[in-house]
Amino acid sequence: MECLLAGYERFRKGYWTENKRMFEALATGQSPRALVVTCADSRVDPQLIFDAQPGEIFCIRNVANLVPPYTPDMAHHGTSAALEFAVRSLKVEHIIVLGHANCGGIRALLEGGEQGDFIGRWMEIAAPARERALAASAAAPETALHVCERESIRLTLDNLMTFPWIAERVHAGQLELHGWHFDIEQGVLERLVDTAHPHDHDH
Ligand SMILES: [Zn+2]
């Protein structure tokens, strides 16, 4: 805890003080143009990777940057609620699904094992990506991981298109979807999909 509070002191005296005007302006409202859906992993920070300022990126973080298919039922849909706010209220123009290398969630999905109270059920969303990865790489587990990380990004793009108010905006040219992958070790951003029509993309 001490290092976090010491960090806050540095932030408050440094960055916050130097950017006081910006924070005052931000206090009146936000109008980010991009929504990033990424992993909760502590090593993947969109604001850092894209060198973005506060207010520029609306971010949804969860285990393995997944989006469930559109399911307006009685369950508590945290990810879908955040999506709805970003798309319908903030009217973001881009949704970037940012996956990453060495993803523990994807590794767990491939290896099975301990399912926990929530993680196993959550990762079921990515079952089709697992199938594609295993089919594509009957060989080394590292290959399966590589493929599965990318297939899960494509799957999330497909699931985004099941939300009627996302598909509608995509088809109207008001919203673009992107699927990118970040390699932590190499610091490399790989752009897998950049298209207004993910369904048209050849898997
Ligand atoms: Zn991850």
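A compact table of results
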{"quantity": "Qualifying residue in the stretch 11-30 (condition: open to solvent by 80 Å² or more (accessible area, probe 1.4 Å) and under 16 Å from the mean Cα position of the chain (by Cα))", "calculated": "no"}
{"quantity": "All positions within the stretch 10-64 that are within 16 Å of the ligand (Cβ to nearest atom) and touching a Lys or Arg at 6+ places or on another chain (Cβ under 9 Å)", "calculated": "Val36, Val37, Thr38, Cys39, Ala40, Asp41, Val44, Pro46"}
{"quantity": "Whichever residue in the stretch 31-55 is among the hydroxyl-bearing types (Ser, Thr, Tyr) and under 16 Å from the mean Cα position of the chain (by Cα) and, among such residues, is least open to solvent (accessible area, probe 1.4 Å)", "calculated": "Thr38"}
{"quantity": "Tally of residues being open to solvent by less than 70 Å² (accessible area, probe 1.4 Å) and either at pLDDT below 90 or more than 15 Å from the ligand (Cβ to nearest atom) (or both) across the stretch 109-132", "calculated": "7"}
{"quantity": "Condition broken by Gly99, with the remaining ones in (1) more than 16 Å from the ligand (Cβ to nearest atom); (2) within 24 Å of Ser42 (Cβ to Cβ); (3) open to solvent by less than 10 Å² (accessible area, probe 1.4 Å); (4) in contact with a Lys or Arg (Cβ under 8 Å, 6 or more places away or on another chain) satisfied", "calculated": "(1)"}
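The values are calculated or read from the model by the stated rules, or taken from the named source; none is laboratory data. Predicted model only: the values in this text are computed from it and were never measured. Positions of Cβ are generated from backbone atoms using ideal geometry, with glycine treated the same way; all protein chains shown enter the neighbour counts. Keep in mind that these areas ignore ligands, DNA and RNA; they rest on the heavy atoms of the full protein, side chains included. Shrake-Rupley method; radii C 1.70, N 1.55, O 1.52, S 1.80 Å.
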